[in-house]
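The values are calculated or read from the model by the stated rules, or taken from the named source; none is laboratory data. Since this is a predicted model, take the numbers as computed values, not measurements. Here the Cβ positions follow ideal geometry from the backbone for every residue, glycine too, while neighbour counts run over all protein chains shown.
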Amino acid sequence: MTHKLFRLTVKIAENQRGLLRRDGRFERLLAPGRHVLFDPSNRLSVDIVAIVNGEMSVDQLAVFEKSHPAFVAEHLKVVRTGPGEVAIVSLDGQPRHFLAPMTTRAFWTCITQVESELIDIKAVLKVEPRLLDKLDLARSPSVALAIVEAHELGLLFVDGVLVEELAPGRHAFWQVGRTVKITKVDLRPQPVEITAQEILTRDRIALRVTLTAFHRVTDARKLVAATNDLTTTLYRLVQFAVREAIATRALDDILAARAAIDAEIKTFVRERIGAFGVEVTEIGIKDVILPGEVRELLNKVVEAERVAKANLIRRQEETAATRSLLNTAKLMEDNPLLVRLKELEALEKLVEKVGRIELHAGQGAGLEALLQGLFKLGNKPAVIEAERAG
């Protein structure tokens with residue numbers, strides 16, 4: 001745009017339009033092309049605006065609607081939303097803009113086809129899926145969006161009132177003029193690790209007990225109405241149950257009856273947690289932590305018990321061996337041949353330990369005479385004589 005020789009020259013592209021003003025007042029719209037305007041007093045000016053997917057400012061729109069309403073109706077698409085309304089604006093068939101309540105936008109229609117869809121959200125709570133697909137409404141403050149997983153249950157609260165249970169899937173709700181909150185509850189069994197505080201047993205021994213509890217939600221409505229922190233509530237209940245079970249028992253009873261203590265704790269917790277819409281499936285003691293001096297004493301007791309048991313087993317084995325020898329002696333007393341076999345076994349063992357043996361049976365005597373000389377059967381004990389050379 002140039003001024004020269006009392007003329008104003010303006011070039012406007014195809015995607016532009018020119019707002020011709022005289023002394024600051026709008027006169028007409030300039031189409032694309034080269035325009036030479038006679039302006040000896042320098043009173044003309046041109047505002048060049050982009051009109052492809054373009055908009056007019058709200059302040060400028062207010063002036064044009066009062067002074068040039070026909071121009072606005074011919075070249076602009078004005079979209080307004082009320083206090084309980086939203087709008088989706090499509091440019092050339094593509095959704096491009098989301099208008100919140102109490103919003104005004106003006107779009108040029110010279111080249112772009114502008115369409116708008118006005119939605120009354122006072123009467124409608126849920127956002128239609130087709131609208132979610134049109135625009136990314138997750139960032140809009142007018143929409144509460146949540147995705148409920150397959151293992152979850154969603155609870156919809158409107159102005160603090162529980163309205164609906166939400167199945168797994170994507171859910172979106174208009175929250176203009178209302179407060180919308182979506183709470184998701186995990187329905188899977190959940191573990192809770194409980195570390196009990198120091199507890200005195202009935203015989204005044206301080207110990208600590210650690211447990212593991214598994215729970216799952218059976219009634220989500222009861223749960224959200226009863227507590228906002230299930231883990232802390234369950235933790236406290238188990239602590240109370242442990243204190244009740246430990247304080248009434250001596251240490252020996254605690255160490256010997258862990259299964260009974262588990263059942264007692266489980267019963268105590270189940271009776272009270274059921275009102276929260278929660279089921280405790282399992283509770284079990286993991287560790288019983290004793291003071292150092294008590295552990296040393298217990299180790300000594302266990303060691304003494306093991307030594308006594310070993311001595312008892314050894315004595316039992318010795319008794320069994322003596323009884324076996326007595327039985328063998330009775331058999332040998334009535335069976336001389338068995339005695340002879342035993343003697344031969346003894347001789348075999350003796351020979352294995354001797355490196356060299358020289359035997360002198362006498363002149364003309366054979367092996368039989370030699371053996372008869374070595375072993376003599378009868379009521380008198382056998383006499384064995386052996387000389388080792390060397």
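Of the helices (runs of 4 or more DSSP H) that lie entirely inside the range 198-293, those containing 1 or more residues that are of a type in the set (Phe, Trp, Tyr) span 230-247, 258-273.
Flag not set for Lys222, criterion: under 30 Å from Leu137 (Cα atoms) and basic (Lys, Arg). Consider the range 60-89. How many of its residues are within 53 Å of the chain's Cα centre (by Cα) and under 20 Å from Gln16 (Cα atoms)? Of the residues in the range 60-89, 2 are within 53 Å of the chain's Cα centre (by Cα) and under 20 Å from Gln16 (Cα atoms). Does Ser140 qualify as being of a type in the set (Ser, Thr, Tyr) and either buried (at least 18 other Cβ atoms within 10 Å of the Cβ) or touching a residue at least 40 places away in the same chain (Cβ under 8 Å) (or both)? Criteria met by Ser140. Take Val163 and tell me if it is under 20 Å from Gly84 (Cα atoms), of a type in the set (A, V, I, L, M, F, W, C) and surrounded by 13 or more Cβ atoms within 10 Å (Cβ to Cβ). Answer is no for this residue. The number of residues in the range 266-302 that are under 16 Å from Gln190 (Cβ atoms) and either surrounded by fewer than 16 Cβ atoms within 10 Å (Cβ to Cβ) or at pLDDT below 80 (or both) comes to 4.
Screening Ala106 on (1) at pLDDT 95 or above; (2) within 28 Å of Phe173 (Cβ to Cβ) shows it passes everything except condition (2). Considering only the range 173-188, I want to know if a residue exists there that is small (Gly, Ala, Ser), out of contact with any helix residue (DSSP H, G or I) (no Cβ under 9 Å at 6 or more places or on another chain) and assigned to a strand (DSSP E or B). Checking the range 173-188: not a single residue is small (Gly, Ala, Ser), out of contact with any helix residue (DSSP H, G or I) (no Cβ under 9 Å at 6 or more places or on another chain) and assigned to a strand (DSSP E or B). Of everything listed in (1) of a type in the set (Val, Ile, Thr); (2) surrounded by fewer than 14 Cβ atoms within 10 Å (Cβ to Cβ); (3) at pLDDT 85 or above, the single unmet condition for Thr233 is (2). Among strands (runs of 3 or more DSSP E) entirely within the range 1-109, having at least 1 residues that are under 27 Å from Asp133 (Cα atoms) and aliphatic (A, V, I, L, M) singles out 76-80, 85-91, 94-99, 104-108. Candidates Leu341, Leu326, Leu350, Leu331: the one that is in a helix (DSSP H, G or I) and at pLDDT below 75 is Leu350. Quick check, is Leu155 out of contact with any Phe, Trp or Tyr (no Cβ under 6 Å at 6 or more places or on another chain), part of a strand (DSSP E or B) and of a type in the set (A, V, I, L, M, F, W, C)? Considered against the rule, which asks whether it is out of contact with any Phe, Trp or Tyr (no Cβ under 6 Å at 6 or more places or on another chain), part of a strand (DSSP E or B) and of a type in the set (A, V, I, L, M, F, W, C), Leu155 comes out as yes.
To keep it simple, each residue is scored yes or no on (1) farther than 30 Å from Trp174 by Cα; (2) modelled with pLDDT under 90; (3) in contact with a Lys or Arg (Cβ under 6 Å, 6 or more places away or on another chain).
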| site | (1), (2), (3) |
| --- | --- |
| Leu20 | yes, no, yes |
| Phe26 | yes, no, no |
| Val63 | yes, no, no |
| Gly93 | no, yes, no |
